[in-house]
Amino acid sequence: MTAPLILPTIDTREANALDLLSELRAKLSPRGDIVSEAGRKRTIELFGEPLSPQQVVERICSDVAARGLQALLEYTAKLDGKTLTRETMRVSAAELQAAHAQADPAYLQVIRQVRANIIEFQTAIRLSDVSLTRPVTSGGRTGTVRLGQRYLPLKRVGVCIPGGAAAYPSSLLMTAVPAQVAGVPEIVVVVPPTDFGGYNADLLAACHELGVTEVYRVGGAQAVAALAYGVEGLPQVDKIVGPGNLFVALAKRHVYGTVDIDSIAGPSEVVILADETARPEFVASDMISQAEHSPGSGVLITWHPPLVPQVLAAINRQLAELDRGGLARTSLEQYGACLIARNMAEACQLSDLLAPEHLHISTANPEQPLARLQNAGAIFLGHFTPVALGDYIAGPAHVLPTGGTARFANGLCVNDFLKRSSLIQYDQAALAHDAPGVRILAAKEGLTAHSASVDIRLQ
């Protein structure tokens with residue numbers, strides 16, 4: 001019989017509470033220098049030496065940058081066990097059409113519903129061009145300064161879709177559709193050559209339904225490198241988005257600067273702020289739902305101490321009934337915790353310190369703690385708003401900052417696929433009006449050519 005799951009409980013009245021909280025946050029940050037014994041054996045087998053994940057990624061990315069398609073296909077064979085060619089690497093139009101034709105109509109209807117929800121939300125928040133004029137007078141002449149901000153979509157975006165432990169059409173929807181709303185003309189999907197990835201009929205059917213025609217059966221760090229540097233048959237993109245394992249996250253960090261990226265994601269996570277009105281079985285289900293990503297984290301913060309044992313009992317009951325209960329249990333053992341705060345204000349402070357990917361406010365009046373909170377990727381309000389709604393169907397993208405980066409980072413949205421440029425236009429009278437200010441600042445900085453570029457136009 002499996003022993004009951006017992007999560008670490010941190011009471012803020014304890015002297016070492018902040019140290020324990022810091023340790024918890026450190027666990028949730030992506031690291032590239034930790035090597036498990038299994039990972040050590042695997043890298044020796046594949047690379048001849050015990051490389052860290054960071055070193056593996058650096059080697060793969062450098063090799064793909066140098067040797068292109070040949071290196072990409074070699075790593076696909078070595079790491080994924082699939083021998084592909086330039087032609088078989090790309091999913092054909094016929095394969096996409098066949099998968100769509102054979103798909104369950106109910107499934108396709110859900111894809112359409114979610115797409116419509118995403119389009120509605122992303123369209124509402126999309127930035128639009130700005131234009132303003134500033135009239136000025138100089139030497140009796142009236143001039144005009146015209147200023148603006150122009151937004152144009154990126155031309156080519158790469159989307160990483162996981163495909164190791166499960167198929168993820170939701171990740172396709174939450175990345176490709178915001179890019180489409182932005183107007184990106186070329187959307188490239190890379191997905192591992194697995195039964196849950198590039199050979200998954202449901203995922204391919206979703207691609208066809210969304211009008212995504214450029215799909216490649218490559219994954220991991222080698223796929224990120226191919227997107228970033230371009231290889232024969234797979235041209236370079238401008239930006240890479242989408243979730244993935246540690247190697248994908250580290251590869252995105254490695255190629256940043258050559259291309260843009262959305263974020264460097266760690267384990268999926270949820271913090272639940274709960275009062276005495278929270279139902280233990282609801283809280284338990286939210287903690288488990290993120291933990292089943294494996295890795296994934298679930299943290300309860302409450303100022304009602306009796307809730308903690310009730311939630312732990314509910315977690316143990318539910319784990320025994322779930323297909324991925326074993327994986328969720330392992331994740332909670334590694335990344336789960338219960339925090340007991342003195343009051344709601346302190347609970348909000350603790351949540352902001354953790355800066356979680358998902359924050360669920362499970363209280364009688366969610367707006368009250370919401371007003372005190374600053375840091376979270378997505379916030380779910382009320383007892384009947386499980387995180388799964390944001391993961392699958394609501395409309396905001398589920399690609400969110402993890403590992404405490406919600407302190408300064410944002411979730412993916414349509415505006416991340418737009419490139420903005422400032423527009424500035426002066427006539428001669430307006431130039432004469434602002435010339436003295438340019439001369440003073442240029443003199444302070446010793447950049448006399450700046451002044452000269454103004455003066456020559458006013459002679």
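All of the numbers you see were taken from the coordinates with simple rules; none came from a lab. What you see is a predicted model, and the numbers here were worked out from it, not measured in a lab. Cβ: placed from backbone, ideal geometry, glycine included. Neighbour counts: every protein chain shown.
Lysines within cross-link reach of residue 41: Cα-Cα under 18 Å, excluding same-chain residues under 8 positions apart? Those lysines meeting the cut-off are 78. The packing ranking, built from the mean of other Cβ atoms within 10 Å per residue, places the peptides 69-80, 144-155 in the order 69-80, 144-155, highest first.
Protection proxy ranking, highest mean first, for peptides 112-124, 244-256: 244-256, 112-124, where packing is the per-residue count of other beta-carbon atoms within 10 Å, averaged. About its Cα centre, the dipole of segment 29-188 is roughly 760 debye, where the only charges are +1 on Lys and Arg Cβ and -1 on Asp and Glu Cβ.
Taking 0.36 nm per residue of sequence separation and removing the Cα-Cα distance, the residue 456/residue 371 pair yields an extension gain of 25.1 nm. Values [x] 22.0, 64; [y] 24.2, 73; [z] 25.9, 92 are given for comparison; Rg and Dmax of the Cα atoms in Å, derived from the coordinates here, is the one labelled [z]. Think of the chain as a dipole: +1 on every Lys or Arg Cβ, -1 on every Asp or Glu Cβ, centred on the Cα centre; then among 135, 335, 351, 135 lies furthest on the positive end. Packing here is the average count of other Cβ atoms within 10 Å per residue, and on that basis the peptides 184-194, 49-59, highest first, run 184-194, 49-59.
The helix-only estimate of mean residue ellipticity at 222 nm for the chain, built from DSSP H runs of length n ≥ 4 each weighted as -39500 (n - 2.57), is -14000 deg cm²/dmol after division by the residue total.
Phi angles across segment 260-268 convert, under the Karplus curve 6.51 cos²θ - 1.76 cosθ + 1.60 with θ = phi - 60°, into 3J(HN,Hα) values of 8, 9, 7, 5, 10, 8, x, x, 5 Hz, Gly and Pro given as x.
Counting only residues at least eight positions apart within a chain, or on another chain, the lysines with an alpha carbon under 19 Å from that of residue 239 are 155, 252, 419. In terms of its alpha-carbon gyration tensor, segment 397-459 comes out prolate; a/c meets the 1.5 threshold, and the first ratio a/b outweighs b/c.
Remark: the Cα gyration tensor places segment 37-86 in the oblate category, a/c being 1.5 or greater and a/b not exceeding b/c. Once the C-beta distance of residue 101 and residue 19 is scaled by a Förster radius of 60 Å, the resulting FRET efficiency is 0.55 to the nearest 0.05. Looking at the chain, the DSSP beta bridges with both ends there are about 35 percent antiparallel. Here segment 37-86 is assigned +1 on the Cβ of each Lys and Arg and -1 on the Cβ of each Asp and Glu. Its dipole about the Cα centre then comes out at about 140 debye.
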